[in-house]
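Step one of this worksheet: look at the structure below.
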Amino acid sequence: MKALVYTGPREVVFRDEPEPAQAPGEAVIRIEAAGICGSDMHAYHGHDPRRVPPLILGHELAGEIVAGPGTGKRVTANPLITCGYCEFCAQGRNNLCANRSMVGMSRPGAFAQYMSIPTSSLIELPGDMSARQAALTEPAATALHALHLSMRALARPLPEATVLVIGAGAVGLLAALLMRSYGCRGLRTAEVNPLRRAAAERHAGCRAYDPLKESGPAEGSVDFVFDAVGSKDTRRAALSAVKPGGVVMHVGLQDWASEIDMRRLTLAEITLLGTYTYTTADLRATVRALHAGAFGDLSWVEERSLGEGARAFDDLDRGRLAAAKVLLIP
Ligand SMILES: [Zn+2]
Ligand SMILES: [Zn+2]
């Protein structure tokens, strides 16, 4: 089969690889579409010690089962392979599984014609769901999971909140789209890339601004801040913008060393939350939401053939792409 293989820093190669054999408890999927994630880019830059070359990257997928139980069914998958018996799995919080591994990291990923995955990870798709919608399940579920955690912490219903989304990449944009469908109005987004600002305005109805050139919301004026970047600067901006009693959801993790204004956090009774991926329940809910159109028409998503994958990685690396998500089609 053909696959896009990460062979070393800034190098992915389209080449022949052995087809996966059907293993016990697993199914072989013919990949219809697979999204390039920020974490794939992180690996591409040689910054992820967990992703060791040579490796087929990719964990955001849609496809059809061609061998194993359920042959013929169209599916997406939970790329986190979880144990099913640890304390966290038993609670239904399998994103925190103590024994988790991941597709496209500790085993071959989805930038290929075929991929094998445990059947317990599979999520069946509604018959008429497009590969484009289905391949967005994983990043959209990241947004959905983070919003659900945030809604538990907000003092008032989310649609009443003033909201600032920092970063209009895939997860930030998908979160804004979902908040719109929940009835939120008055969304603002901070984004340095002008093409992504335009997309957030057009598709999610956000008021977008450039945080490097314009001042954002006044200090202490926002009920809910969704930080999809997670850098020292965005954390400072988030904790400054949030209202007393408000919530900051920290989703991105560009870097992690910073001073946090614990005085303001404490005296202004601010809730600072972390989030990691999604549970299987979140992924199932996301498939339903995508299928029902809660994330819009996804016309901002760009498709490239898998054979042109190296070019797509290079374009993303150089910031030449407006699209917050690129799907590779084998
Ligand atoms: Zn991802
Ligand atoms: Zn577990």
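General observations
- For the range 46-56, taking the residues that are touching a Pro at 6+ places or on another chain (Cβ under 9 Å) and at pLDDT 95 or above, the one that is farthest from ligand 1 (Cβ to nearest atom) is identified as Pro53.
- Checked against (1) at pLDDT 95 or above; (2) farther than 23 Å from Arg156 by Cα; (3) not hydroxyl-bearing (Ser, Thr, Tyr), Ala237 meets all criteria but (2).
- Members of the range 263-303 that are without any contact (Cβ under 8 Å) to a residue 60 or more places away in the chain and surrounded by 14 or more Cβ atoms within 10 Å (Cβ to Cβ): Arg264, Leu265, Ala268, Ile270, Leu272, Glu302
- Qualifying residue in the range 166-188 (condition: among the hydroxyl-bearing types (Ser, Thr, Tyr) and part of a strand (DSSP E or B)): no
- Of the residues in the range 255-264, none is within 27 Å of His42 (Cβ to Cβ) and part of a helix (DSSP H, G or I).
- Residue match in the range 123-134 (condition: closer than 20 Å to Gly70 by Cα and part of a helix (DSSP H, G or I)): yes
- Every pair of residues 6+ apart whose Cβ atoms lie under 9 Å, when the first sits in the range 82-108 and is more than 23 Å from Cys37 (Cβ to Cβ) while the second is in a loop (DSSP other than H, G, I, E, B) and more than 8 Å from ligand 2 (Cβ to nearest atom): Glu87/Arg93; Gly92/Thr279
- The residue list Glu160, Glu201, Glu219 contains one member that is of a type in the set (Asp, Glu) and touching a helix residue (DSSP H, G or I) at 6+ places or on another chain (Cβ under 6 Å), which is Glu219.
- Residue list for the range 12-62, filter: without any contact (Cβ under 8 Å) to a residue 60 or more places away in the chain and either within 16 Å of ligand 2 (Cβ to nearest atom) or acidic (Asp, Glu) (or both): Asp16, Asp48
- Matching entry among Gly230, Gly220, Gly274, Gly245 (being in contact with a Phe, Trp or Tyr (Cβ under 8 Å, 6 or more places away or on another chain) and closer than 22 Å to Leu154 by Cα): Gly230
- Search result, residues across the range 301-330 that are closer than 25 Å to Ala175 by Cβ and modelled with pLDDT of 95 or more: Val301, Glu302, Glu303, Arg304, Ala312, Phe313, Lys325, Val326, Leu327, Leu328
- Verdict on Val287 being part of a strand (DSSP E or B), under 28 Å from Thr137 (Cα atoms) and touching a helix residue (DSSP H, G or I) at 6+ places or on another chain (Cβ under 6 Å): no
- Yes/no for Pro118 being open to solvent by less than 60 Å² (accessible area, probe 1.4 Å), within 16 Å of ligand 2 (Cβ to nearest atom) and in contact (Cβ under 8 Å) with a residue 60 or more places away in the chain: yes
- Applying the condition of being in a strand (DSSP E or B) and under 21 Å from the mean Cα position of the chain (by Cα) to the range 83-115 and asking which residue is farthest from ligand 2 (Cβ to nearest atom) yields Ala112.
The values are calculated or read from the model by the stated rules, or taken from the named source; none is laboratory data. Note that the coordinates shown come from a computational prediction; the quantities given were computed from them, not determined experimentally. Neighbour counts run over all protein chains shown; Cβ positions are idealised from the backbone, glycine included. Remember, those area values only see protein heavy atoms, side chains included, never the ligands or the DNA or RNA. Shrake-Rupley method; radii C 1.70, N 1.55, O 1.52, S 1.80 Å.
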